[in-house]
Ligand SMILES: Nc1ncnc2c1ncn2[C@@H]1O[C@H](COP(=O)(O)OP(=O)(O)O)[C@@H](O)[C@H]1O
Ligand SMILES: [Mg+2]
């Protein structure tokens with residue numbers, strides 16, 4: 001059963017429903033920013049659910065040893081399941097997921113064991129390509145990877161496996177500094193490991209229109225990064241912070257909220273936009 005009162009990801013107004021751009025099928029998106037607390041997990045979880053609502057078979061990969069995305073969806077963190085088990089070769093990719101978040105959505109749960117995985121990936125010859133190899137063995141239309149707040153081997157593996165990267169940027173002072181570091185990492189990954197990686201977009205998060213500084217920062221980011229900044233932005237909404245404590249996405253917890261609307265808009269924009277061609281980030 002679909003939740004009652006659920007807002008639509010389809011276009012409004014008369015005429016045909018919104019037509020999604022098929023280029024997004026088979027796309028793997030890594031949600032990356034080395035800074036913690038900028039909205040990566042909130043974005044990965046709610047975007048994944050919004051994409052599932054749009055009819056995609058979504059695989060959400062919790063690649064953070066903290067396993068916040070897993071907790072946010074009210075799921076267990078078994079030590080012999082999920083992302084760590086896949087990467088340690090304990091489980092085949094096709095059997096590592098659990099249904100979570102929405103119909104048509106699968107989660108590879110996170111676990112502290114991902115720290116063990118980090119050590120293994122650094123030493124193994126196939127370390128940097130293993131995540132991509134395992135993802136190819138699973139079945140999904142869109143894959144969303146929630147990365148840890150660092151640019152270590154797990155994030156690097158995600159960037160190696162992904163087609164696109166989504167960078168949540170908190171609308172606050174010094175936000176740009178973190179972005180410079182992400183830009184450098186993306187350029188390096190593209191040069192050395194994954195030339196086809198594209199910046200799918202910079203997503204402004206926790207935008208608080210009542211703060212004049214936030215509006216100024218958003219303007220500054222948009223001037224600096226131009227079209228790389230997504231039109232959709234995520235408002236500061238206490239319901240987005242509350243939903244995980246109920247083990248629910250914002251779309252289920254508060255479908256009429258500003259936060260839910262914003263994530264539906266994000267999904268819609270990503271599904272609509274043709275995949276951008278690789279270009280230097282921030283250029
Ligand atoms: N738009 C938002 N409005 C209000 N709170 C938010 C918003 N986005 C995230 N949060 C809260 O901010 C904290 C950090 O967000 P999170 O998504 O966990 O960041 P990250 O994964 O980058 O560390 C969490 O408590 C989360 O619930
Ligand atoms: Mg997180």
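Every read-out reported here was derived from the displayed coordinates using simple, explicitly stated rules and does not represent laboratory data. Treat the numbers as computed from the prediction; the structure is a model and nothing was measured. All Cβ positions, even for glycine, are placed from backbone atoms using ideal geometry, and neighbour counts span all protein chains on display.
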**Request:** Treat each spin label as a single point 7 Å out from the Cα along the C-beta direction, and report the residue 98 to residue 115 distance in nm.
**Result:** 2.2
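State the volume of the convex hull built on the alpha-carbon positions of the chain, expressed per residue in Å³ and rounded to an integer.
It is 124 Å³ per residue.
Assuming R0 = 41 Å, what is the FRET efficiency of residue 126 and residue 256, from their Cβ-Cβ distance, to the nearest 0.05? Don't skip to the end; give the middle numbers.
Working: r = 47 Å, r/R0 = 1.14.
About 0.30, to the nearest 0.05.
What FRET efficiency do you get for residue 188 and residue 150 if R0 is 22 Å and r is their Cβ-Cβ distance, rounded to the nearest 0.05? Display every interim value, and only then the final one.
Values: r = 15 Å, r/R0 = 0.68.
For R0 = 22 Å, the calculated efficiency reads 0.90.
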**Message:** Within a 10 angstrom radius of the beta carbon, how do 136, 56, 128, 222 rank from fewest other beta carbons to most?
**Reply:** 136, 222, 128, 56
**Span from the the stretch 83-123 Cα centroid across to the the stretch 197-213 one, whole angstrom** = 29
**Footprinting exposure proxy for 176, 206, 213 (fewest neighbouring C-beta atoms within 10 Å first)** = 213, 176, 206
**Cα coordinate range in the stretch 171-212, projected on the principal axes (Å, largest first)** = 42, 18, 10
**Complete:** Quick shape summary for the stretch 89-229, equivalent ellipsoid via Cα gyration tensor, semi-axes whole Å in descending order, reads 31, 18, 14
**Asked** Which order do 79, 157, 233 fall in if you start with the one that has the fewest other Cβ atoms within 10 Å?
**Response** 79, 233, 157
